[in-house]
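J.: I am attaching a structure below and will ask some questions about it afterwards.
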Amino acid sequence: MPALSSTDVLLSLRFTGAKAVERTSAPNVSAEQIESLTRRLAAGDETAFSELHTRYFDRLYHFLLVVSQGREDEAQEALQQTFLRLVRYARVFKSEETFWCWLKAVARSVARDAGRKQQRYWRLLNKFAVWRGHADANPLPDPDERLRAELDESLSELTPEDRLLIVNKYLEGLSIKELSLQTGLTEKALESRLLRLRRRLRETLLKKLNSP
């Protein structure tokens, strides 16, 4: 029996697609069935994952739509990550109710993590919120699409080491102390390097935003 990998999960989700559904009733799964399915999943059985995916896709997607307040892109991304975690943290359940409660908890955790990361991304955008050469004193209520695209491009132009430093500090939320342990640099050296990188990103963004 081939082991189920994260790639298998991503491929199965990639071609399924997500859509709003009205049918959200609990799947007709007996205690014996859920125990068998989760036991097989924990053993790496791909067919067990496929069956759970089919049975819970609509219900879980609807749940995540509620959690994300109707934002379909966020719900779809969280759905994919939830099924990945289902495989990664597979365990045996002896009742459908217990399994569904656990799956909802996993989905909430995924959505919460995504929300935190998005908020950090917005804060990073606000640090470089410049338009036509004028710094905006007020935080952006929502990331400007062009600003987001230009920031992504500017980040891609950094060296891998500098890009990782920016991402870890401002998107992943690592502290200077954690970065120091990770990189081997002193905290003072890191602060100086981050200051230079912020200035460089701001100047690069300004040039891009002022270009036709």
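J.: Sort V106, V67 by heavy-atom solvent-accessible area, probe 1.4 angstrom, most to least. If you can, show how the numbers build up before the last one.
T.: Values: V106 20, V67 60 Å².
So the residues, ranked largest to smallest area, are V67, V106.
J.: In nanometres, what is the gap between the two model label sites at S192 and S50, each 7 Å from Cα along Cα-to-Cβ?
T.: Calculated label separation equals 5.9 nm.
J.: While we're on this one: Counting only heavy atoms of the protein chains, get the accessible area per residue of the range 23-83 (1.4 Å probe) and round it to a whole Å² value. If you can, show how the numbers build up before the last one.
T.: On the way: 3020 Å² over 61 residues.
Value for the range 23-83: 50 Å² per residue.
J.: Once you put a point 7 Å from the Cα of S30 and another 7 Å from the Cα of H62, both along the Cβ direction, what distance in nm separates them?
T.: 2.5 nm
J.: Which order do E72, E161 take by accessible area at a 1.4 Å probe, largest first?
T.: Numbers: E72 90, E161 115 Å².
Largest accessible area first, the residues go E161, E72.
J.: Would you mind classifying the range 50-100 by shape? Square roots of the alpha carbon gyration tensor eigenvalues, ordered a ≥ b ≥ c; an a/c under 1.5 is rounded, otherwise it is prolate if a/b is larger than b/c and oblate if not. The partial results should precede the final answer.
T.: Working: a/c = 2.16, a/b = 1.72, b/c = 1.26.
Prolate, because a/c is 1.5 or more and a/b exceeds b/c.
J.: I've got another one for you. Subtracting the Cα-Cα distance from 0.36 nm times the residue separation, let me have the gained length for E157 to K177 in nm, one decimal.
T.: Values: separation 20, 0.36 × 20 = 7.20 nm, distance 2.59 nm.
So the extension gain works out to 4.6 nm.
J.: Quick one: accessible surface of D162, probe radius 1.4 Å, all protein chains present, in square angstrom to the nearest 10.
T.: D162 exposes around 20 Å² with every protein chain in place.
J.: Here is a follow-up. Mind checking the full-extension length gain between E203 and R88? Use 0.36 nm per residue of separation minus the Cα-Cα distance, one decimal, nm.
T.: Working: separation 115, 0.36 × 115 = 41.40 nm, distance 4.21 nm.
So the extension gain works out to 37.2 nm.
The values are calculated or read from the model by the stated rules, or taken from the named source; none is laboratory data. Remember, predicted model here, so these are calculated numbers, not experimental data. Cβ atoms come from the backbone with ideal geometry, glycine included; neighbour counts cover every protein chain shown. Remember, those area values only see protein heavy atoms, side chains included, never the ligands or the DNA or RNA. Shrake-Rupley method; radii C 1.70, N 1.55, O 1.52, S 1.80 Å.
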